[in-house]
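The values are calculated or read from the model by the stated rules, or taken from the named source; none is laboratory data. Note that the coordinates shown come from a computational prediction; the quantities given were computed from them, not determined experimentally. Here the Cβ is made from the backbone with ideal geometry for all residues, glycine too, and neighbour counts use every protein chain on show.
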Amino acid sequence: MSRMLPSFFGGQDPGFGSLFREVERVFDDFSRRMPAGFTSVESGVLNPRIDVSETAEALEISAELPGVDEKDIEVTLSNGMLTIKGEKKIEREQKDKNWHVTERSSGSFVRSIPLSFEPEQGAIEAHFDHAVLKIRLPKPKEAVQRSARIPINAPK
């Protein structure tokens with residue numbers, strides 16, 4: 001078995017080196033086909049990348065939505081769950097063109113984020129700029145006052 005290990009690093013190749021290169025090629029092909037800003041595409045279902053961060057005053061969410069129009073995005077809050085829905089559409093006119101390769105995708109997505117507090121409906125802010133949706137959910141006063149830092153004591 002130890003004789004086979006150098007094959008991965010350019011030594012003698014008992015067949016595993018070519019397998020290793022083939023696996024790398026498959027992953028490279030897969031990553032090239034992934035649309036920017038989306039983590040997976042399966043049968044028209046997109047999964048946009050999101051960041052969730054928290055400050056003492058608010059929960060802040062940003063979602064990368066390249067190729068999605070603002071009118072095709074819906075943000076809802078229900079029963080402690082923030083939901084972002086949308087659809088990426090590709091409109092093409094097929095006149096006088098024979099498509100050989102198309103690497104752009106279309107489809108719908110839904111991302112739901114559970115909340116540990118119920119934000120005030122009128123205080124929620126959402127902005128869509130340069131293909132990034134930013135949502136700010138201010139915490140209610142009770143949630144801000146409930147959290148407190150717990151000191152950690154060193155052993156004596």
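Some observations on this one:
- The range 26-115 holds strands (runs of 3 or more DSSP E) entirely within its bounds, and those carrying 2 or more residues that are aliphatic (A, V, I, L, M) and either at pLDDT 65 or above or more than 26 Å from residue 137 (Cα to Cα) (or both) map to 45-48, 50-54, 58-64, 73-78, 81-88, 107-114.
- Filter result (touching a Pro at 6+ places or on another chain (Cβ under 7 Å) and either loosely packed, with under 14 Cβ neighbours inside 10 Å or under 19 Å from residue 64 (Cβ atoms) (or both)) within the range 108-139: 109, 111, 120, 123, 131, 137
- Here the range 116-146 is the region considered, the condition is being more than 18 Å from residue 55 (Cα to Cα) and part of a helix (DSSP H, G or I), and the residue that is nearest to the chain's Cα centre (by Cα) is 121.
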